[in-house]
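Have a look at the structure below, then the notes.
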Amino acid sequence: PKAYYDISRIVICSGKAMTGPQLERLLADEFKIVCEMSGPDYVVLISTAADVEKDFDYLYNALCRIDDNYDFYVKKK
């Protein structure tokens, strides 16, 4: 059977020093980004037809801030 992919789903790996649930809480608490779910080392987000380019830019910038300030966020957890 042919595999189908849901292009509205975004999966982000959280890395070794932060679990998926910790990244999910960080995105919610610091950036007001709500994930659909988290796993041991990832989070899943869903995009919709209502999302616009600035929404994806906001997510990208939030992830960059977390990456740039990784030590701070890891200690904060």
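Taken together, the values in this text are just the output of simple stated rules run on the coordinates, not laboratory data. No experiment lies behind these values; they were computed from the predicted model shown. Positions of Cβ are generated from backbone atoms using ideal geometry, with glycine treated the same way; all protein chains shown enter the neighbour counts.
Remarks
Matching residues to (1) under 10 Å from the mean Cα position of the chain (by Cα); (2) in contact (Cβ under 8 Å) with a residue 24 or more places away in the chain:
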| site | (1), (2) |
| --- | --- |
| GLU30 | no, yes |
| ASP41 | no, yes |
| LEU45 | yes, yes |
| THR48 | no, yes |
| ASP57 | no, no |
| ALA62 | yes, yes |
| ASP67 | no, no |
| TYR70 | no, yes |
| VAL74 | no, yes |
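- Test: residue in the range 66-74 that is hydroxyl-bearing (Ser, Thr, Tyr), in contact with a Leu (Cβ under 7 Å, 6 or more places away or on another chain) and closer than 14 Å to LEU23 by Cβ: yes
- Filter result (outside any helix (DSSP H, G or I), of a type outside the set (Ser, Thr, Tyr) and within 16 Å of ASN69 (Cα to Cα)) within the range 1-53: GLY15, LYS16, ALA17, MET18
- Residue match in the range 40-52 (condition: out of contact with any Cys (no Cβ under 8 Å at 6 or more places or on another chain) and aromatic (Phe, Trp, Tyr)): no
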